[in-house]
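The values are calculated or read from the model by the stated rules, or taken from the named source; none is laboratory data. From a predicted model like this one, the values you see are computed outputs, not experimental measurements. Every residue, glycine among them, receives a Cβ derived from its backbone with ideal geometry; neighbour counts consider all protein chains shown.
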Amino acid sequence: MKDDRTKRPVRPQWPAWEMTLAALIVAAGVWSTTLSPYYLSLDQIFGSTRFFIIPGLLALGLAMVVSLGEIDISLASTVAVGTVTLSKLSMFGVPIGFAAAAVVAIGALLGTLNGVLAARFGLPSLAVTLGAMGAYRGLAFIVGSEVGYTDFNDSYRWLGATRLFDDIVPVSLLAFAAVAVAVWLLMHRTVFGRYCFSIGLNRDASWFAGVNVVKIKICAYALASALAGLAAVVWVGQYGSARGDNADGSILFVVTAVVLGGMDINGGRGTIGGVVLALMLLGTLRNGMGLANIGGPTQTVVLGVLLVGGVLRPAVAAALARLRRPDNADV
């Protein structure tokens, strides 16, 4: 007789780490409520999303690159190139639709250059993007200087500054949510995403299976930098200024979100959902630390500890799993 359990529908389950992140978000929110009676107001909660929208766009792009076993630490510099480019286009009165498309395209072009150097020529991605980080930052200073530009009209600031639904929900948050869903679908429901993870697990096996490894890597770098271009448009809207040092220092937050979200730094494993949850956790912690008047250096220490913890987590989990195996039990 057949087991009745075979007829039961299989219920989708979240990975354990994503459940852990969700619990930590709740805990961080409860902690934040003890710091200010105004924390739970909708205006404050939606306003605090500014802590993770721009780095969140960068993290979604970086997650695609990390799934391949690669890295791109030049994304923040690409944001700066994008903001100063917007300043020049604004000076000439270019409509925001064309200006935003141009900045996204320039970001994709810079990412393609990184991808070609890392994938086509086989150079270490860390070295390539470290050099690109300095080169693109220098380019941003050459184009925009340290003085900056603030004379953006309302159309240039719409994406980053406008709120909907009784002036509560930021348009930038809705844009981030749309991008997150799109990246999730791309990475978990398309052939491109499966190729990215398979390359991260075993590049040689993927190549022997007929996967165009070079093309996939270049596309991932281009998409990541295109999202950095979009982040530049949001930056101009949020802060109303463009300078060569825009987004400087944000790469620590971005890498921490990707690693803490469960993306294996060596490639091949992880979920976009985990990255989004990690962004929410880090944003909640940063908001709470701001309410507690915790200084920037201390916040940086917290991010560094979380980054190290995210890197160590897979190794610790594997060690614990080995200890729980029956063959390790005492006879």
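Residues in the range 270-309 that are closer than 29 Å to residue 199 by Cβ, modelled with pLDDT under 85 and touching a Phe, Trp or Tyr at 6+ places or on another chain (Cβ under 7 Å): 303 only.
Scanning the range 218-246 for residues that are among the β-branched types (Val, Ile, Thr) and under 14 Å from residue 118 (Cβ atoms) yields a single hit, 218. For the range 212-228, which residues satisfy the criterion of being within 17 Å of residue 54 (Cβ to Cβ) and more than 13 Å from the chain's Cα centre (by Cα)? Answer for the range 212-228, where residues must be within 17 Å of residue 54 (Cβ to Cβ) and more than 13 Å from the chain's Cα centre (by Cα): there is none.
One residue stands out among those in the range 150-187 that are free of Cβ contacts under 8 Å to residues at least 60 places away in the same chain and among the acidic types (Asp, Glu): the one that is nearest to residue 221 (Cα to Cα), which is 154.
When residue 209 is tested against the conditions (1) within 18 Å of the chain's Cα centre (by Cα); (2) farther than 22 Å from residue 307 by Cα, the lone failure is (1).
Within the range 237-248, residues that are touching a residue at least 24 places away in the same chain (Cβ under 8 Å) sit with their Cβ atoms under 7 Å from residues that are part of a strand (DSSP E or B) and surrounded by fewer than 22 Cβ atoms within 10 Å (Cβ to Cβ), at 6+ positions apart or across chains, in these pairs: 241/149; 242/149. Here is the figure for the range 254-269: residues that are crowded, with 24+ Cβ neighbours inside 10 Å and either in a loop (DSSP other than H, G, I, E, B) or among the acidic types (Asp, Glu) (or both) total 3. Within the range 202-217, being more than 14 Å from residue 117 (Cα to Cα) and charged (D, E, K, R) holds for 203, 204. In the range 97-106, of all residues being closer than 15 Å to residue 87 by Cα and in contact (Cβ under 8 Å) with a residue 12 or more places away in the chain, the one that is surrounded by the most Cβ atoms within 10 Å (Cβ to Cβ) corresponds to 103.
Conditions tested, residue by residue: (1) touching a Phe, Trp or Tyr at 6+ places or on another chain (Cβ under 7 Å); (2) under 14 Å from residue 222 (Cβ atoms); (3) touching a residue at least 40 places away in the same chain (Cβ under 8 Å).
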residue	(1), (2), (3)
24	no, no, yes
28	no, no, yes
37	no, no, no
53	yes, no, yes
66	no, no, yes
74	yes, yes, yes
88	no, no, yes
108	no, yes, yes
120	no, yes, yes
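Scanning the range 310-331 for residues that are modelled with pLDDT of 80 or more and farther than 25 Å from residue 188 by Cβ turns up just one, 312.
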